[in-house]
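What follows is a single structure, written as structure tokens, with notes after it.
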2 protein chains.
Amino acid sequence: MPLIVEKYGGSSVGTSERIRAVADRVAASHRAGDDLVVVLSAMAGETNRLLELARDIDPEADARETDVLISTGEQVTIALLSMALHKLDVPARSYTGGQVRILTDNVHGKARILDIDADMVRTDIEQRNVVVVAGFQGVDREGNITTLGRGGSDTTAVAMAAALKADECRIYTDVDGVYTADPRIVPEARRLEQITVEEMLELSSLGAKVLETRSVEFAGKYKVPLRVLSSFESGKGTLITYEVNKMEQPLIAGIAYNRDEAKLTIRGVPDQPGVASTIFGQISDAHVNVDMIIQNVAQDGTTDLTFTVNRSEYPRARSILEKISAELKAREVVGDDQLAKISIVGVGMRSHAGIASTMFEAMATEGINIELISTSEIKISIGVADRYVELAVRALHKAFGLEVETHEEILDATAVD
Amino acid sequence: MPLIVEKYGGSSVGTSERIRAVADRVAASHRAGDDLVVVLSAMAGETNRLLELARDIDPEADARETDVLISTGEQVTIALLSMALHKLDVPARSYTGGQVRILTDNVHGKARILDIDADMVRTDIEQRNVVVVAGFQGVDREGNITTLGRGGSDTTAVAMAAALKADECRIYTDVDGVYTADPRIVPEARRLEQITVEEMLELSSLGAKVLETRSVEFAGKYKVPLRVLSSFESGKGTLITYEVNKMEQPLIAGIAYNRDEAKLTIRGVPDQPGVASTIFGQISDAHVNVDMIIQNVAQDGTTDLTFTVNRSEYPRARSILEKISAELKAREVVGDDQLAKISIVGVGMRSHAGIASTMFEAMATEGINIELISTSEIKISIGVADRYVELAVRALHKAFGLEVETHEEILDATAVD
């Protein structure tokens, strides 16, 4: 029997009606012969409701007790889904993170999974029980309840699949797979049949909200066959793959964007060793997350340093940077909090030059000014003014021919240099 | 340091404001030097909210999964109280029933506590941490979550106190102790400074809602010093005692009543062996709980048999009894579902005759017809028409002089025969 780990998010279990719909789907797979482990999130909104209760007591509530509190959210859904399965005559047993011994470190609120003792689950599976596991939670070595942080249920599912050597891990979500671009912006955007784990990682961290980044890392580490699909429609979704067939690999897998960016530039910084570490040391001490960093070659003994931060942290980052600027006797601080980041991702670009120029040309044709550029082996990110996001994404989708499924055409179209 | 186990019910932790008030109280005891274990119920209404979710999925939801679901209620309150204690700089750690290893049998929904492994709690207490334990819940030998049934948090508190050999177990509730009668009916009703465990047991099972019967049994078995007091007012409450000082023992400790009664009589039953077992066998097979049973001596080879049931079960019990009546060729079935039961309880009555006659005389004076009588060593219960409850309770309270605190007077007043 194939062993499948399925994960359903908060919106998929947000009402009793939806829980019954998930039960129908699980029951059908069970009847078709699959062995099943189902990982659940809390009902949509429940974690926030619980956090609100805590905030009412103490806005800076203790992390251990916060985990005790919010882990109840998934405990409710696993019980309800198991009941719904029983109602359909499907044998099912629920387990909390502690019961199924998902061992984590003791970093409350963002714990990492260290080990899963899957024996109990295996016994259940042998008896053809559907095992329903609370996502997002575990226990540390002392038995304290821990939680894995936002999106942690994806990680629970992937970790369960790795521990059980499952045939496939299916993440059911509110979209039916990974797209070449956001379909709300690009109507021609195409669902990818498959995508490499590296591309998925880049897309996740670049703002595509389909899968939580840590779960993709985890899947990559243990080579878990991972599929993203819709809990509301049928369809095969998108499979995350580990072996790249060069011949069939498209140049660009997809386009991601993130609107919540802001950029800050410190001008006329003395070009000396230690300056960058002074700046980013102080920024990081203030717990401001820095994304892209760009430094151009120096001119006249001074240099300009630009970096991007999340828009919400812009005011704080700017005031820190102005203090630093005074200390370093830099010329000035300038910034812009209406920035968007657009990224193209594809393992194919490793071996093909010309991708960057196609990207820049597409922007030039549309009259979009590129404010920042940052690249890695398999992605190119550019910063553009927020108002150009839709236009830029559509132009890039067209320039790389992502609406077309055959790859040869794309190679012809883009191999211009 | 005295070790105190405190238990707060659902209305005491029903809002964040009330949770903060409980934290203030606990913090004061902790500062005064007490070592503390605090047992909590779920927020008032929460258990019903969760059961409603279950009912929405399946009105006859699986018992194991129902326990997984409703045990989240106490997990929420222990986290919130621990946060509130931290906020007051009192070190505190919450534990679920599973974490503190409250081992129960596997009867989901009404499990019995078998054992508590108190080592972890003792370590916390040595470090001067307040230990906050989820009431009402435990785990069976396989690690499945169980719950103890309605009022189970009282039992958790008493069991923790027994396991830790605590100096006192304090049940905080919405009344400030055990009264000689319901103060809503008898304004002169007096709070008892103390009451014997046997009296408390009778009063609990006779309808006084102060303490759950099982927790009193448990306290009696392990001789746990148990005190009932108000979580909203100060005061010493009522202490449940185990050693009876004969000299100071009043004749009657208190008066209990229960309105939800109904009586059924089967007339003209052949007076043969096996008849009673035929009747009550069938009643019990239908899961109808029978309370009092009265059978008079036979006359002309037939007898009348009367018993009481909860009012809600009256129609069902009556239709079963009419079937039986036909089978046995009995004369007729008569019944009345507007019955109330009034009981006087006191260990003192063991050694004093005349209590019953004082009781019956008081009823006669008020013109109240006694429909049923049932006695045990330390209680006398009578059935009267529902509409007489207040009058009967007040008359008995006066007849036994319960508003007076000195016992000699009562002895004089009642030693009439």
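Every number here is computed from the coordinates shown, using simple stated rules; none is lab data. Predicted model only: the values in this text are computed from it and were never measured. Because the Cβ atoms are built from the backbone with ideal geometry, glycine has one as well, and the counts that use them run over all protein chains shown.
Just tell me how shielded B:89-98 is by partners: mean number of partner chain Cβ atoms within 10 Å of each residue's Cβ, no decimals.
Average neighbour count from other chains, rounded to a whole number: 3.
In chain B, what percentage of the DSSP-assigned beta bridges are antiparallel, given to the nearest 5?
Taking every DSSP beta bridge within chain B, about 60 percent pair in antiparallel fashion.
Who wins for biggest fluctuation among B:111, B:28, B:157 in a Gaussian network model of chain B, springs between alpha carbons below 10 Å?
In this elastic network of chain B, the residue with the biggest mean-square fluctuation among B:111, B:28, B:157 is B:28.
Any idea what the relative contact order of chain A is, in percent, if you count C-alpha pairs under 8 Å spaced at least 6 apart?
Relative contact order comes out at 13 percent.
In terms of the ratio Rg/(2.2 N^0.38 Å) built on C-alpha atoms, what value belongs to region A:251-402?
Taking N as the residue count of region A:251-402, the ratio is 1.12.
Considering Cα pairs under 8 angstrom that are at least six residues apart, work out the relative contact order of region B:88-178 and quote it in whole percent.
30 percent
Nearest 10 degrees is fine. How inclined is helix B:16-31 to the longest principal axis of chain B, computing both from alpha carbons?
70 degrees
Place a +1 charge on the Cβ of each Lys and Arg in region B:255-414 and a -1 charge on the Cβ of each Asp and Glu, then give the dipole magnitude about the Cα centre in debye, rounded to the nearest 20.
That gives a dipole near 460 debye.
Explain nothing, just the number: dipole magnitude of region B:3-173 about its Cα centre with +1 on each Lys and Arg Cβ and -1 on each Asp and Glu Cβ, in debye rounded to the nearest 20.
Charge dipole of region B:3-173: 460 debye, to the nearest 20.
For the protein assembly as shown, give me the percentage of DSSP beta bridges that are antiparallel, rounded to the nearest 5 percent.
60 percent
State the answer as a single residue: which of B:1, B:288, B:301 lies farthest towards the positive end of the charge dipole of chain B, with beta carbon charges of +1 for Lys and Arg and -1 for Asp and Glu, about the Cα centre.
The listed residue farthest towards the positive side: B:1.
Determine which chain A residue has its Cβ at minimum distance from the rotation axis mapping A onto B, giving the value in whole Å.
Reported as residue, whole Å: A:72, 2.
Using DSSP to call loops (not H, G, I, E or B), can you name the trypsin sites (Lys or Arg not before Pro) in region B:66-130 whose Cβ has at most 13 other Cβ atoms within 10 angstrom?
B:128
Evaluate the charge dipole of region B:161-218 about its Cα centre and quote only its size in Debye, nearest 20, assuming +1 on the Cβ of each Lys and Arg and -1 on the Cβ of each Asp and Glu.
140 debye
Under a straight-distance cross-link criterion of Cα-Cα below 30 Å, which lysines are reachable from residue A:221, leaving out those fewer than 8 residues away in the same chain?
In chain and number order, the partners are A:7, A:110, A:165, A:209, A:236, A:246, A:341, A:379.
Could you tell me whether region A:115-273 comes out rounded, prolate or oblate from its Cα gyration tensor? Rule is a ≥ b ≥ c as square roots of the eigenvalues, rounded for a/c under 1.5, then prolate if a/b exceeds b/c, otherwise oblate.
oblate
Sticking to Cα atoms, compute the Rg of region A:3-173 to one decimal and its Dmax as the biggest Cα-Cα distance, whole number, in Å.
Both quantities, over Cα of region A:3-173: 15.2, 49 Å.
Looking at region B:67-154, which GluC sites (Glu not before Pro) are DSSP coil and have at most 10 other C-beta atoms within 10 Å of their C-beta?
Sites meeting the loop and neighbour criteria: B:142.
Rg and Dmax of region A:115-209, using alpha carbons, in Å: what are they?
When restricted to the Cα atoms of region A:115-209, Rg and Dmax are 16.7, 52 Å.
Which angle from 0 to 90°, rounded to the nearest 10, does the C-alpha axis of helix B:355-365 make with the longest principal axis of chain B?
The angle comes out at about 70 degrees.
I need to check one value: relative contact order of region B:255-414, counting alpha carbon pairs closer than 8 Å and at least 6 residues apart, in percent.
Rounded, it is 27 percent for region B:255-414.
Once the other residues with Cβ under 15 Å from the Cβ of residue A:337 are scored (Lys, Arg +1; Asp, Glu -1), what is the net sum?
Local net charge: -1.
Kindly provide the helix-only [θ] at 222 nm of the protein assembly as shown, computed as the sum of -39,500 (n - 2.57) over DSSP H runs of four or more divided by all residues, to the nearest 500 deg cm²/dmol?
Roughly -11000 deg cm²/dmol at 222 nm, from the helical runs in the protein assembly as shown.
Name the aspartates and glutamates eligible as straight-distance cross-link partners of residue A:323: C-alpha to C-alpha under 12 Å, and not fewer than 8 places from it in the same chain.
Qualifying aspartates and glutamates at Cα under 12 Å: A:332.
Using a Förster distance of 41 angstrom, determine the FRET efficiency expected from the C-beta separation of residue B:312 and residue A:185, and round it to 0.05.
The computed FRET efficiency comes out at 0.10.
Between A:78, A:256, A:372, whose Cα lies farthest towards the positive end of the dipole of chain A when Lys and Arg beta carbons carry +1 and Asp and Glu beta carbons carry -1, centred on the Cα centre?
The residue sitting most towards the positive pole is A:78.
Enumerate by residue number the trypsin sites (Lys or Arg not before Pro) in region B:289-351 meeting two conditions: DSSP loop (anything except H, G, I, E, B), and at most 11 other Cβ atoms within 10 Å of the site's Cβ.
B:329
Work out the mean other chain Cβ neighbour count within 10 Å for the residues of B:168-177 and drop it here as an integer.
Taking the mean over all residues of the peptide, I get 0.
With everything on Cα atoms, drop me the angle between helix A:152-164 and the longest principal axis of chain A, reported from 0 to 90° to the nearest 10.
Orientation of helix A:152-164: about 60 degrees from the principal axis.
Counting only DSSP beta bridges with both residues in region B:3-173, what percent are antiparallel, rounded to the nearest 5?
Beta bridges within region B:3-173, antiparallel portion: roughly 25 percent.
When the Kirkwood hydrodynamic radius is evaluated over all pairs of different C-alpha atoms of chain A, what value in angstrom, to one decimal, is obtained?
Kirkwood radius, chain A: 23.4 Å.
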